[in-house]
Amino acid sequence: NRIVPTALEVINDVVDQKRHRFTEVLHTTTDGTQPGDVFITITQPDLQLRKLIEAVHMAIKQLFRQEGLDVHVVLAKMGDQHAEQFLFCYPRPPRRSIADLQDASCTMSRAKDSGRIQIVPDVERAAERAEYLMLSTSEMPEQGSLVCVPIPLRDIHDIPLVLSVSVPERNFFDSWQEPLWIKFFASFERRIALEYSLLLLKTKVVNATIR
């Protein structure tokens, strides 16, 4: 079972890049450097989030040893009822705008509301069934499969983000594999939640400094 080791391997690469940035700042910091300036310099959660989204993309390709696999990854900021903003997309923007996802019945919204991973094994087949009315086609590939993963901030009991991954292959993400995909995404979930918390903190500090 290579799911967890593969996820940890690519995450460790992202962490190593962060550590390298810290080391560079350490070598350039002088006695006169203000602590706030150091915090702003070393805390780059937007960069780390982008790298984590790229790492999800890379890990799935490595896991299945398919370099040509067309994996599409989106990290969306969620409101109370639906997606509000695409924070990061890799390797390209979604086919539709964020307005198309502002529906409480779409898969991203269901992931947030339920707090559980949502898997659509076959988009085309799901579209033929009546229960597909509970899904939204706007975040789907034209064919293939989709998984949406809630990213909770457990300390404040909120799910501010949902990670969406789509692949144009039927049954690539399958419901019977849900426990395995939960393990795979769990490592990314923790790191994404950490960096998003840092993003909120950095934004608050910067705004306070400006005032």
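The values are calculated or read from the model by the stated rules, or taken from the named source; none is laboratory data. Source: prediction; values computed, not measured. As a convention, Cβ positions derive from the backbone with ideal geometry for all residues, glycine included, and neighbour counts pool all protein chains shown.
Some observations on this one:
- For the range 181-211, residues that are out of contact with any Pro (no Cβ under 6 Å at 6 or more places or on another chain) and closer than 22 Å to Asp13 by Cβ total 15.
- Answer from Thr28, Thr107, Thr6 - the residue that is surrounded by 14 or more Cβ atoms within 10 Å (Cβ to Cβ), modelled with pLDDT of 70 or more and hydroxyl-bearing (Ser, Thr, Tyr): Thr107
- For the range 39-52, filtering for residues that are in a helix (DSSP H, G or I) and touching a residue at least 40 places away in the same chain (Cβ under 8 Å) leaves 8.
- Against the numbered list (1) surrounded by 15 or more Cβ atoms within 10 Å (Cβ to Cβ); (2) polar (S, T, N, Q); (3) at pLDDT 85 or above; (4) over 18 Å from Asp70 (Cβ atoms), Ser138 comes up short only at (3).
- Within the range 191-210, tally of residues that are surrounded by 14 or more Cβ atoms within 10 Å (Cβ to Cβ) and not aliphatic (A, V, I, L, M): 5
- Subset of the range 53-74 [part of a strand (DSSP E or B) and touching a Lys or Arg at 6+ places or on another chain (Cβ under 9 Å)]: His72
- Any hit, the range 91-104, residues being closer than 24 Å to Lys183 by Cα, at pLDDT below 90 and either assigned to a helix (DSSP H, G or I) or in contact with a Leu (Cβ under 6 Å, 6 or more places away or on another chain) (or both): no
- The criterion of being under 19 Å from Tyr196 (Cβ atoms) and modelled with pLDDT under 90 does not hold for Ile151.
- Taking (1) of a type in the set (A, V, I, L, M); (2) part of a helix (DSSP H, G or I); (3) crowded, with 16+ Cβ neighbours inside 10 Å in turn, Leu161 satisfies each apart from (2).
- Contacts under 6 angstrom Cβ, first residue in the range 90-119 being in contact (Cβ under 8 Å) with a residue 60 or more places away in the chain and within 15 Å of Val162 (Cβ to Cβ), partner of a type in the set (Val, Ile, Thr) and surrounded by 13 or more Cβ atoms within 10 Å (Cβ to Cβ), 6 or more apart: Ile117/Val149; Ile117/Ile182; Ile119/Val147
- Trp181 being surrounded by fewer than 15 Cβ atoms within 10 Å (Cβ to Cβ) and either in a strand (DSSP E or B) or at pLDDT 90 or above (or both): no
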